[in-house]
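Bear in mind that the values in this text are calculations on the coordinates, not laboratory data. Predicted model, so just to flag it, every value in this text is computed and none were measured. As a convention, Cβ positions derive from the backbone with ideal geometry for all residues, glycine included, and neighbour counts pool all protein chains shown.
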C-alpha cells in the first residue's frame with residue numbers, strides 16, 4: 001500500500017524520529033543507501049518532508065510478515081517491514097508526500113505535535 005504510515009493512534013498530526021532499531025534489516029539498509037543515508041547519518045532534529053493525512057485505517061490482524069486493515073487491504077513486504085502494524089493500531093493514508101529542498105530545524109516532542117512555523 002503506497003503512501004501509508006502506521007501508528008498506534010488515530011490523529012491528524014505526526015512527527016516521528018527515524019527508528020534506528022529498524023536500520024539493522026538489510027532491506028532497510030538498501031533503502032537508506034538508495035537515498036544517500038546510513039544508520040549513522042539519519043537526519044534528526046529537523047523536518048525533512050511534508051504530506052497530507054487523508055485517512056486512518058485500523059489494523060485488525062497481524063501475521064508477523066503481513067497485516068490486514070479494517071477496509072480489507074493487506075500490507076506486506078517493505079511497507080510492513082518499515083511500519084508498526086500491531087492489532088489495534090492505525091495505518092495513516094497520506095497524499096502529496098514531498099521532501100523539502102532545505103530541512104527545517106525543529107525540536108521534536110513526545111506524542112503528536114503541530115509545527116508552529118510556515119513550511120513552503
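Results, tabulated for the structure shown:
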item: Cβ crowding within 10 Å averaged over residues, with 62-70, 27-35, 80-88 ranked highest first; result: 80-88, 62-70, 27-35
item: Rough spin-label spacing in nm, given labels placed 7 Å along Cα→Cβ, for residue 34 and residue 87; result: 3.1
item: Residue 119 paired with residue 63, simple spin-label distance in nm, labels 7 Å along Cα-to-beta-carbon; result: 3.5
